[in-house]
Amino acid sequence: MASEAVKKILEAESEAERRSAEARARADSIVSEAQQSASINVQKRLSDAKTEIGRLRDENRRRLEEYTEESEKKCADELRELEKTAALNSEKAVEAIISGYFS
């Protein structure tokens, strides 16, 4: 009877160890799957971030080109106005010199 009790205890211990090993294996599997899923999510987010960075760079490049074109146009317009004013002032200066000289 004692040997049967010892046998049952040994069987119970063996079953407990087997179940414990299965539980560890399942836990390891769950952790591994979670790590893989997290890694995939990180890679996807990095990819999305790189795509967004590219989009933002393109948008900023486009805005810079627009700003540059507008600035160059304004500068050209102001330069034309200054050239007109300079030409007009030159004519007035020449006329003033001539009239002062011959008066």
Measuring from the longest principal axis of the C-alpha atoms of the chain, the long axis of helix 2-102 (C-alpha) lies at a number of degrees, nearest 10, equal to 0
Residue 74 neighbourhood, Cβ < 12 Å, K/R = +1, D/E = -1, net charge -4
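So what is the 222 nm mean residue ellipticity for the chain from helices alone, if each DSSP H run of at least 4 adds -39500 (n - 2.57) and you divide by all residues, rounding to the nearest 500 deg cm²/dmol? Intermediate results must be reported in sequence, preceding the final value.
Details: 1 runs with 101 residues, N = 103.
Rounded to the nearest 500, it is -37500 deg cm²/dmol.
Provide the gained length on full extension for the span residue 74 to residue 62, in nm with one decimal, where the gain is 0.36 nm per separating residue minus the Cα-Cα distance.
On the way: separation 12, 0.36 × 12 = 4.32 nm, distance 1.84 nm.
My answer for the length gained is 2.5 nm.
Bear in mind these aren't lab numbers, they're just calculated from the coordinates by the rules spelled out. All values derive from a computational prediction rather than experimental measurement. Heads up, the Cβs are rebuilt from the backbone with ideal geometry, glycines too, and the neighbour counts pull from every protein chain shown.
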